[in-house]
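What follows is a single structure, written as structure tokens, with notes after it.
Just so it is clear, none of the values below were taken in a lab; they were calculated from the coordinates. Just so it is clear, the structure is predicted and the values come from calculations on it, not from any experiment. Don't worry about glycine lacking a Cβ; one is built from the backbone with ideal geometry, like all the others, and counts go over all protein chains shown.
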Amino acid sequence: MSDLSPTATRRGPLLSADERLLILLRWLGLAFLAIAFLAPVALILGRAMQDMEGDFTGLANIIALLESPALARSVWNSVWTGAVTVLIVVPLAFIQAYALTRAHIPGKRFFRAVMLVPILAPSLLPALALIYLFGNQGLLKPLLLGGSIYGPGGIVIAQCFYTFPHAALILGVALSHADARLYEAADVLKAGPWRRFATITLPSAGYGLVAAAMVVFALVVTDFGIPKVIGGQFDVLATDVYKQVVGLQDVNMGATVGLALLLPAFAAFLAESWTRRRRTGTLSGRAVPLTPRPRPARDVPLFLACAAIAGLLLAITGVAFWGSLVRYWPWNLELTFESYDFARFDADGWGAVWTSLRLATGAALLGTPVVFIIAYAIERGPAGSRLRPLLSLIATLPLAIPGLVLGLGYILFFNHPANPLNLLYGSLALLMLNCVTHFYSVAHLTASTAIRRLDPEFEAVGASLKVPLWRTFGLVTLPICLPAILDIAVYLFVNAMTTVSAVIFLYGPGTKPASVAVLQMDEAGQASAAAAMACTILAVTSAVKILQVAASGLVDRLTQGWRQRRTA
């Protein structure tokens, strides 16, 4: 029997009730991921090899894609805007991460909080702010000297805002793993600051730099909202998928273009996997944590750099908020809250916000237990199971699938008349499932990391005392892992509130999220209303994040006090 562990084999051919339960949970997890992820992606691959009549054409669509000058131009546009964004964002993110982890500067909590603002906002917010500043009627339009913000310049600037925190968080993790003994040895050898930086700091953070660059590149290439709002006539791959499906009603070619989007996302997935492997072996058990010492020659410039970055992030956010209060931009700049009367601009009005709240809450309430239970079954189930590595691999693959591609796969799978699950099509439940699947991998890795930190002896002691596994799980595992569970829930909530690409193909009457309403208001020329809706989303996600910070302190006191007592 393939699911027998070595321990179970020694006991005999029969598994314990706890082991059978974990194996059942693994199979249920595989079934969930097969329906929510594998089947829709497989249909994307199949439709890319069919014509409009459904006949098999092999690689004909791919060849047509490669031979099309317009689509080839979109590929090149996506690649070079992504590369330019990487060249700008990664050095700035490195400076920010270095200042927060290796320097002795005031206001670190403030800079970390401001750094997270782009994550809490929909990607369309910076694009709207740039239009207010540099659009055809923008306040600072003369600074462009006859140029236009609509096109690659606007895309790159907005993408820098959108991707900066992702790169900074990755580099922050890489730079936080430092062995003070190396720097002490460098001091003994009279090595200067730049030599220490070049020979110790930079090599140790090399994997973080590569991972940050790949993640930023993938985010830019696969993002739909920014190029749709500020791209003008500058076509990229993400907007081409939308045009093929919505504009030309050619789902097969849309699936083919979607395959091209998989390449950068899959490269980012490989980089993330490599980063995790390198991170586990960076420090030895005898490493000494590095505590930054005050050094004005280093700390003052880094503080000024962090202040400048925070100022730019807040300025862009502030411009979007100001634009939401303008009565009739750019001709009447009187401030008013009329733009927040969404019923004047959209048939759903504030209903889109309530839909997003229900969507995000449902994704968090549905996704968090599913993710954690599957991760627990993988980590604590029989070690000899062949299902374990397969399920672990599948659980990390959604990280490599862009939201547009997954959404298109959901159309093909759940809208198929032969599928008994087609009753979900057009419902809010399907949008919840899509959001959980799209953001599954990061949530799964968070849960797996938290579970691995627990000693397996907890379950062993429970088994020796004849305590059912579910009881040990409820009384020991859940309380100890509660901070990670809270992180997963907030992560799913925030991303479900802000995503556009994951839901743009799936909403129906009565299920339009606020992020899609932002896009439609902007297309209708209602810039102030679009900015108001984007700011509303930011206010909701910020409030949830603040509640998480407040709850984290209470959760730590209630569930993590044993760590402090053991240390004392």
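Phi-derived couplings, Karplus 6.51 cos²θ - 1.76 cosθ + 1.60 at θ = phi - 60°, listed residue by residue for region 18-32: 5, 5, 5, 5, 5, 5, 4, 5, 5, 5, 5, x, 5, 5, 4 Hz, with x used for Gly and Pro. Listed by Cβ neighbour count within 10 Å, with the fewest neighbours leading, Ser356, Ser552, Ser501 appear as Ser552, Ser501, Ser356.
Cross-link pairs exceeding 28 Å in C-alpha to C-alpha distance, out of Lys243/Lys545; Lys108/Lys545; Lys228/Lys512; Lys512/Lys545; Lys141/Lys512, comprise Lys243/Lys545; Lys141/Lys512. Between Lys466 and Leu140, full extension at 0.36 nm per residue minus the direct alpha carbon distance yields a gain of 110.2 nm.
Here the 3J(HN,Hα) profile of region 331-337, calculated from phi with Karplus coefficients 6.51, -1.76 and 1.60 at θ = phi - 60°, is 8, 10, 8, 5, 7, 7, 9 Hz, Gly and Pro shown as x.
For each of Leu547, Leu175, count neighbouring Cβ atoms within 10 Å of the residue's Cβ, then give the residues from fewest to most.
Ordered by Cβ neighbours within 10 Å, fewest first: Leu547, Leu175.
Using 7 Å Cα-to-Cβ label points, what is the Leu28/Arg452 separation (nm, one decimal)? Using points 7 Å along Cα→Cβ, the separation is 2.5 nm. For Val326, the residues whose modelled amide H falls within less than 5 Å of its own, excluding neighbours fewer than 5 places apart on the same chain, are Thr336. Remark: Tyr491, Tyr425 ranked as Tyr425, Tyr491, counting other beta-carbon atoms within 10 Å and listing the fewest first.
Counting 0.36 nm for each residue step from Asn415 to Trp76 and taking away their Cα separation leaves a gain of 118.8 nm. With a simple spin-label model that places each label point 7 Å from the Cα along the Cα-to-Cβ direction, the separation between Arg295 and Leu263 comes to 4.3 nm. The calculated FRET efficiency for Phe110 paired with Phe56, based on their beta-carbon distance and R0 = 51 Å, is about 0.30. Modelled spin-label separation between Ser68 and Phe337, with each label point placed 7 Å from Cα along the Cα-to-Cβ direction: 4.7 nm. Amide H contacts of Gln50: Thr57, each under 5 Å away and 5 or more positions distant or on a separate chain (H built 1.01 Å from N in the peptide plane; Pro and chain starts excluded).
Taking R0 as 22 Å, what FRET efficiency do you get between Ser427 and Ile373 from their Cβ-Cβ distance, rounded to the nearest 0.05? List each step's numbers first, then the result.
Details: r = 24 Å, r/R0 = 1.08.
The pair Ser427/Ile373 has a calculated efficiency of 0.40.
The distance linking region 347-395 with region 19-53 is 15 Å (Cα centroid to Cα centroid, whole angstrom).
Rounded to the nearest Hz, the phi-derived 3J(HN,Hα) couplings of region 304-320 under the Karplus curve 6.51 cos²θ - 1.76 cosθ + 1.60 (θ = phi - 60°) are 5, 5, 5, 5, 5, 5, 4, x, 5, 4, 5, 5, 5, 5, x, 5, 5, where x marks glycine and proline.
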